Amino acid sequence: MEDILAKAEACVGLTAEEAAELLALPEHFDDMLFASAKRVKQKLYGARVVLFAPLYISNMCTNSCLYCSFRQENTLLMRRKLSQAEIAEQAKVLINMGHKRVLLETGEDLAATPLDYVLESIHTIYHVGHSGREIRRVNVNIAATSVENYRELKAAGIGTYQLFQETYHEPTYQLMHPRGPKADYRYHLTAMDRAIEGGIEDFGLGVLLGLYDYRQDTQSLITHAHELKSRWGIGPHTVSVPRLRPAKNTRCPDTYLLNDQQFARVVAVLRLALPLAGIILSTREAPVMRDFLLDVGVSQMSAASSTAPGGYGRESESRQFEGIDHRSLDEVVEGIIRRGYVPSFCTGCYRKERRGNRFMQLVEHGHIKDMCQANALLTLAEYVLQFASPAAKEAANARWEQWLLAIPAGAMRDSARMKLERALAGESDVYV
Ligand code: SAM
Ligand code: SF4
């Protein structure tokens, strides 16, 4: 174990077999594992935690995923496809909370919500803001599609394309996805190959933890990441760790549910095995767990989320599943600061063409961390001036200097200091 951890702390990643060995360790090794993962995260990404919100544009779906409320057979769900005006209104609610990054999500219904609808929605979200208050990055989580469609998504200016394999275990996959286009295991599994072929540089993997043995699915996800890297020369930009949640009118067996300790171990092992990837946590997890996982290698989080189309600014029953972190964005921001991290709304890399392999190389050589710290401060300053509560403001204002000093002395720190002054004086959208 010591050899594997030493290798991991050199930030070179782990093989799927090494990761499996860590996952098989008895629980009393967990503290060592978590501490190792924290050091790797700190080394490559520093203290920043990127924040975003999901934006569900439709819950119409022709698939039958056993675990999801949007499944076609759920006749009790109120179906809703948002109009462009409604999407703009939802984006405005998020902008007025202080969000800058959204993850667009939708069910799969080729007739009701074809790719053109998704493309139009992306355009709407990008164009809704004004005077520096806008959504600056739209990531997308939509069903597996063709090379041609991925090309169009890329042309629409998406950030990361995410798709979760749900489970890599084929018999379980077939059981969970009995009908609809998603029932095609091979087509789903090869989606990222088509996405990369279509020009998508930043892609995100994930498994729905709790569908099958978490150790095997984690191992398979790592294998998938390594195979994509060897086939295409590029690994995943992010890895998501959705854990199965209760969802209305679903009928998913609970045989493989994992407990909090096991879940934390998965996060730590992914951080060690795929050190260059951002690890994304959603509001599927409770506040205590989310806070704890910051210390285990999570680098991105959703906040103040709704999983219902049209669910921001009003109550809605048409949720995909039940979230359990009901804190406001401001409460999440303050909590992150008080735990010693820096909340970030940064979209700098994506707009400065630091994508795909260019981004990965910056991470690998330890350069992204200081840029992230600088951009986290600049975007947090903007948030503090425009949206923060007195408590969050006070927490941030007490730490600017300490945060600046975390950037090594030199050109990056000087530039961050100069730009931070501009941001704190009211200039928006300043980044390095
Ligand atoms: N419809 C597309 C698909 O399935 O790939 C993309 C969007 S879907 C809204 C996003 C993800 O939500 C799915 O990939 C699945 O992992 C997750 N999900 C669905 N039901 C869930 C549940 N009950 N608990 C936790 N996550 C769930
Ligand atoms: Fe539809 Fe995606 Fe839900 Fe499956 S997980 S029912 S494809 S929205």
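What to note about this one:
- For D116, D414, order by how many other beta-carbon atoms lie within 10 Å, fewest first: D116, D414
- Restricting attention to the range 2-326, close to 5% of DSSP beta bridges with both partner residues there are antiparallel.
- Residue (of L244, Y117, A416) at the positive-pole extreme of the chain, dipole from beta-carbon charges: A416
- Point-to-point label distance, I324-K154, nm (Cα→Cβ direction, 7 Å offset): 4.0
- Rounded to the nearest 20 debye, the dipole size of the range 317-362 about its Cα centre is 500 debye, using +1 on the Cβ of Lys and Arg and -1 on the Cβ of Asp and Glu.
- Listed as lacking a disulfide-compatible partner in the chain: C11, C61, C252, C346, C349, C372, by the criterion of no other cysteine Cβ under 4.7 Å.
- Listed residues Y150, N375, Q320: farthest to the positive end of the dipole of the chain (Cβ charges): N375
- When M301, M192 are arranged by Cβ crowding within 10 Å, least crowded first, meaning fewest neighbours, the order is M301, M192.
- Taking a straight Cα-Cα cut-off under 18 Å and skipping sequence neighbours fewer than 8 places away in the same chain, the aspartates and glutamates within cross-link reach of K7 are E17, E18, E21, D30, D31, E364.
- Low-density loop cleavage sites - GluC sites (Glu not before Pro) in the range 255-333, where at most 10 other Cβ are within 10 Å (DSSP): E315
- Unit charges at the beta carbon, dipole of the range 2-326: most positive-side option, L77, Q216, L276: L77
- Sites H367 and K7, calculated FRET efficiency, Cβ-Cβ separation with R0 30 Å, nearest 0.05: 0.85
- MRE, 222 nm, helices only [DSSP H, n ≥ 4, -39500 (n - 2.57), over the chain, to nearest 500]: -13500 deg cm²/dmol
- Cβ-placed point charges (K, R +1; D, E -1), dipole of the range 2-326 about Cα centre in debye, nearest 20: 820
- By the Cα gyration tensor, the chain has an equivalent ellipsoid whose semi-axes, rounded to whole angstrom, run 31, 27, 20 from largest to smallest.
- Loop-located trypsin sites (Lys or Arg not before Pro) in the range 255-319 whose Cβ has at most 14 other Cβ within 10 Å (DSSP): R314
- Cα centroid of the range 253-274 to Cα centroid of the range 396-410, whole Å: 34
Each reported figure results from applying straightforward, stated rules to the coordinates on display, with no laboratory input. Note that the structure is a prediction, hence the values are computed from the model and not measured. Heads up, the Cβs are rebuilt from the backbone with ideal geometry, glycines too, and the neighbour counts pull from every protein chain shown.
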